[in-house]
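The values are calculated or read from the model by the stated rules, or taken from the named source; none is laboratory data. What you see is a predicted model, and the numbers here were worked out from it, not measured in a lab. For neighbour counting, all protein chains shown are included, and Cβ atoms are generated from backbone atoms with ideal geometry for every residue, glycine included. Note: areas computed on protein heavy atoms with side chains; ligands, DNA, RNA excluded. Shrake-Rupley method; radii C 1.70, N 1.55, O 1.52, S 1.80 Å.
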Amino acid sequence: MVYGGTLTIKKHVLSEEHVELEGSKVQELDLESRMLPSTSKECTYVGDLVSSTSEFTETTVAENPYSCSSPFETQHICPSGLSERRTRGILQSVNVTREKNLTPKCRKFYKMVGEWGRRTAKIHYKMKNFQARLANAEKVANSNTVSKLKNPNDKLCAVAFDEISLSSLLSYNRKHDCIDGLEHFGNKRTPHIASYANVFMIKGICRQWKQPFSFTFSSGPAKSPEIKDMIKKVITSCQSIGLNVVATICDQGSSNQAAINALLKETNENCLRDGIENKYFGFLVNGAEIIPIYDVPHLFKGMRNNLLNKNLHFMIDGAQKVAKWKHIEQFYMLDTMDETTLSTKLTNAHIFPKKMNKMKVSLMSQVFSHQVGSLIKRISQWDIDSNYKLEKEAADIGDLILFIDKLFDSLNGNSKVAASSKPLKGGVTDTSEHEEFWRTSIKVLQEMKFWDDKKKIVKPPSLVNLIKTLKAFIYLKKILLNKMTFMLTRALNQDCLENFFGSIRSHGVRNTSPDVNHFITSFKSLLLNNFMTSHSLGSNCENDFSTGALDDLRCLVTGEIIAGVHPLEDDECLPDVPASLSFVKKSRVAKSTITYVAGFMARKVLKSTRNCQNCQNVLLYSDGNVELDVIEARQYQNSNLVKPGSYLCFATNQSSSRLFYLIPRLCHRNNLFAMLKQIILKEVNFTVLNCADHKHIGDLVATLLIRCILYYWCKSVNKILVGKDVKFVKYLSCVTNKTKIDPIKVEARSKYLKKIKSPNANNSLYR
């Protein structure tokens, strides 16, 4: 065995004695036993120690039935944890009985053997675990999961889509040769910093399965034309694999509403063009009708938020009523005057707007409950001598709460048979009360009007979209109950997406605002591990009652190229490099920095060539015009700093000027590194740096330089995005010609100002 050179691994006949460790059989290694002749294999030390060869494995297993079935199954040789017999065997092989009798160098090597034994065992354990996970993923990937859904009703599904806010940070993805953190819509990339991820998920209606389908990144909320295009593409893809999409589910964001309205308008125009009557409630995609539904919890949260600062005028049973939030506050204060309370679930976060988390569904549902509504109605009739006495008008808010409680139950059913106290929370059937109640509710909602402090009538989108959603459920009931015996209304909300977002935020470490890179890696990891449970702790929704993922995406997780799935190609032409970049004057500090970087690359290259003398002559030859002050100032005893040559500094200077110009203009392109390298090798002659023995040195220098600047540029943009680059802010205030500034850095500064909600964000951009 030679340290530092090559290592000869020989097979040993193992003793029949073995021990049980962590459920797997590990044979004890007897180094004093017979050696098998002519069965050795050389490998480079350390790096190739754990490399696998089938020849080595087959020979070992054939000649020794007690050997490992794989070279990775190396025995755990650990001096500190070995049995007395094994320790004695290792020491006796060098005619020593005690570790203390070893020479210092042998003792050091003896401990090194134990350390590598521990590391090898750890690698082996991780490899087996990963192999098992990949095997399970491959079973699913090699089978057509959709075709296994034998019952046609199992293929009934809805497409849910929503967005998640991201931290704006850039990172260079070396594997895919692109910069993560920019806008990416699948079919195109743009040079704008992403701050949102738009996720599409499909979920079963009859059978409760779910599957994350796609995600895109956008700078700000996605625009309605982009959402409309994505909806049609996702539904078309689902239809092509045999799924039957019947509905879409989204919140009432302005872009989502505009996209749905555009699809409805397009269907109506197509009917007019074809000369047929538009009898469709929803919109058409490839001839199939899709019913748009707005997420029910979002609608009720919107109603609650409007009620916080407006009075609601409505009519129930022919009586005109006015609901005021102040009556709920009076009830809460009256209930909490003493140590005992009637509504134990209510807290300050439920009642007072400044304490309220307006995204939390439970805070809304616990206020709009039968308990609170019935108590307010009854207590408002009492004659109580208190500062928080409920007025008789408070009975109106009680009636509203009871109405909303029943309506929410009817749209949130999770079982076929409900409790007798809440019949509307059961499944929708032909004989259930749901449709009759929904038609009555539509009339009540149409009469509702919010009045603000200026007595101006307001009709918020929550009311309008709730009416549309009720009509959609009535329409869906007619379609689905022809195929199913009952319909669960909770299957048609966004809880699956909300739970998925909660899993992404809590994956690895708690990260309430992940960046693009964290989102992608978490998405892949969760998908590989069947991605989530049906509920995320601390999320703003309930259990979504899904049984798990329909499939996982092998090509997404492993990066494997599968037939029919191809990376995007860039059709755009490469930008021209201004000739003036060759004559840019740089300060002495900048020249010294370029020299330091060139020295770093020279050290890396010479290390890879084992300090080839010819390479040293080429890379380190200087005409005396190189700024070496910084390197000499930073030199210390036994320092490894290298003084680069004149041409290496020249090539680094010319290339860096071009790279800092090109990267902001190509950062959104695929195959970024390849494009940059093509341009740089064309503009700057790196072949001068090649030597007779190593003709790849110029290419290696260009590769190192491009990667260094790519990572540095991403880091500098990230500093601006988090507000830590004061130098760039001062530079912006001094430069008169703003067109010469890096456009991505300018956008990064603008995003930071918007994030901190500066009152003069747009005007203070160049301050």
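If the limit is 26 Å between Cα atoms, which of LYS228/LYS740; LYS643/LYS727; LYS360/LYS468; LYS223/LYS757 go over it?
Listed pairs above 26 Å: LYS228/LYS740; LYS643/LYS727.
What is the percent carbon and sulfur in the accessible area of the range 406-517, measuring with a 1.4 Å probe over the protein chains and ignoring ligands?
Numbers: 2740 of 5270 Å².
Exposed carbon and sulfur together represent 52 percent of the surface.
Out of the range 315-408, which trypsin sites (Lys or Arg not before Pro) are coil in DSSP terms and have no more than 11 other C-beta atoms within 10 Å?
Numbers: sites: LYS321, LYS324, LYS326, LYS345, LYS354, LYS355, LYS358, LYS360, LYS377, ARG378, LYS389, LYS392, LYS406; in loops: LYS324, LYS345, LYS358, LYS360, LYS389, LYS392.
Here the sparse-neighbourhood loop sites are LYS392.
Let me make sure I get this right: for the range 599-660, a, b and c are the square roots of the gyration tensor eigenvalues over alpha carbons, sorted descending. Under 1.5 in a/c it's rounded, otherwise prolate if a/b > b/c, else oblate. Which is it? Spell out each step's value before the answer.
Working: a/c = 1.55, a/b = 1.15, b/c = 1.35.
Oblate is the answer for the range 599-660, as a/c is 1.5 or above yet b/c matches or exceeds a/b.
What net charge is computed for the residues neighbouring LYS604, neighbours being all others with C-beta under 15 Å from the C-beta of LYS604, Lys and Arg scored +1, Asp and Glu -1? Don't skip to the answer; put the middle values down first.
On the way: positive: ARG603, LYS607, ARG610, LYS643, ARG707; negative: ASP699.
That sum, taken over residues with Cβ under 15 Å, equals +4.
Along Cα→Cβ, 7 Å out, is where each label goes; now give me the distance between the ones at LYS730 and ARG634 in nm to one decimal.
Inter-label distance under the simple model: 2.1 nm.
Going from most exposed to least, what order do THR485, THR341 have by accessible area with a 1.4 Å probe?
On the way: THR485 105, THR341 60 Å².
Output order, biggest surface exposure first: THR485, THR341.
Holding the Cα-Cα limit at 26 Å, pick out from LYS203/LYS354; LYS724/LYS754; LYS279/LYS478; LYS355/LYS524 the pairs that are longer than that. Don't skip to the answer; put the middle values down first.
Details: LYS203/LYS354 36 Å; LYS724/LYS754 15 Å; LYS279/LYS478 14 Å; LYS355/LYS524 36 Å.
Those over the limit are LYS203/LYS354; LYS355/LYS524.
Does the range 381-482 come out rounded, prolate or oblate, given a ≥ b ≥ c as the square roots of the eigenvalues of its C-alpha gyration tensor, rounded meaning a/c under 1.5 and, failing that, prolate meaning a/b above b/c? Each step should come with its number before you reach the end.
Details: a/c = 3.52, a/b = 1.54, b/c = 2.29.
Taking the square roots of the gyration eigenvalues as a ≥ b ≥ c, the range 381-482 is oblate.
What accessible surface, in Å², does a 1.4 Å probe find on GLU391, ignoring ligands, DNA and RNA and rounding to the nearest 10?
Number for this one is 70 Å².
Using 0.36 nm times the number of residues separating LYS754 and TYR280, minus their current alpha carbon distance, what extension gain do you get?
Taking 0.36 nm per residue and subtracting the Cα distance, the gain is 166.4 nm.
The range 650-738: which trypsin sites (Lys or Arg not before Pro) are DSSP loop and have at most 16 other beta-carbon atoms within 10 angstrom?
Working: sites: ARG658, ARG665, ARG669, LYS677, LYS682, LYS695, ARG707, LYS715, LYS719, LYS724, LYS727, LYS730, LYS738; in loops: ARG669, LYS695, LYS724.
When the trypsin sites (Lys or Arg not before Pro) of the range 650-738 are filtered for loop state and at most 16 Cβ neighbours within 10 Å, LYS695, LYS724 remain.
Under 20 Å Cα to Cα from LYS389, which lysines show up? Leave out anything in the same chain fewer than 8 places away.
Cross-link targets: LYS321, LYS324, LYS326, LYS377.
For the pairs LYS586/LYS719; LYS730/LYS755; LYS301/LYS459; LYS232/LYS745, flag any whose C-alpha to C-alpha distance is greater than 27 Å. Provide the component values of the computation, followed by the final result.
Numbers: LYS586/LYS719 23 Å; LYS730/LYS755 20 Å; LYS301/LYS459 15 Å; LYS232/LYS745 35 Å.
Listed pairs above 27 Å: LYS232/LYS745.
Please compute the per residue accessible area over the range 332-411 with all protein chains in place, 1.4 Å probe, rounded to a whole number of Å². Could you put the intermediate results ahead of the total?
Working: 4400 Å² over 80 residues.
Heavy-atom SASA per residue in the range 332-411 reads 55 Å².
Once ligands and nucleic acids are excluded and a 1.4 Å probe is used, how much of HIS370 is accessible, expressed in Å² to the nearest 10?
Solvent-accessible area, nearest 10 Å²: 100 Å².
Once ligands and nucleic acids are excluded and a 1.4 Å probe is used, how much of ILE227 is accessible, expressed in Å² to the nearest 10?
Accessible area of ILE227: about 10 Å².
So between LEU641 and ASP430, what do we pick up on full extension, going 0.36 nm a residue minus the alpha carbon distance? Please list the in-between numbers first.
On the way: separation 211, 0.36 × 211 = 75.96 nm, distance 8.22 nm.
Roughly 67.7 nm would be gained on extension.
Between ILE384 and VAL509, what FRET efficiency follows from the Cβ-Cβ distance if R0 is 51 Å, with the result rounded to 0.05? Show your work: numbers first, answer last.
On the way: r = 51 Å, r/R0 = 1.01.
Efficiency computed from Cβ-Cβ geometry: 0.50.
If I model a spin label at ALA262 and VAL444 as a point 7 Å from the Cα along the Cα→Cβ vector, what separation in nanometres do I get?
3.7 nm
With a 10 Å radius around each residue's Cβ, average the other Cβ atoms per peptide and rank 153-163, 171-181, 494-504, 434-444, highest first. Mind showing how you got there, number by number?
On the way: 153-163: 22.3, 171-181: 18.0, 494-504: 24.6, 434-444: 15.6.
Per-residue Cβ counts within 10 Å, averaged per peptide and sorted highest first, yield 494-504, 153-163, 171-181, 434-444.
Order the following by accessible area, largest value first: PHE600, PHE368. Probe radius 1.4 Å; ligands, DNA and RNA are ignored. Don't jump to the answer; show the numbers that get you there.
Working: PHE600 75, PHE368 10 Å².
Ranked list, largest accessible area first: PHE600, PHE368.
What shape does the range 212-271 have by the C-alpha gyration tensor, where a ≥ b ≥ c are the square roots of the eigenvalues, rounded means a/c under 1.5, and otherwise prolate means a/b greater than b/c and oblate the rest?
It is oblate, given that a/c is not under 1.5 and a/b is not larger than b/c.
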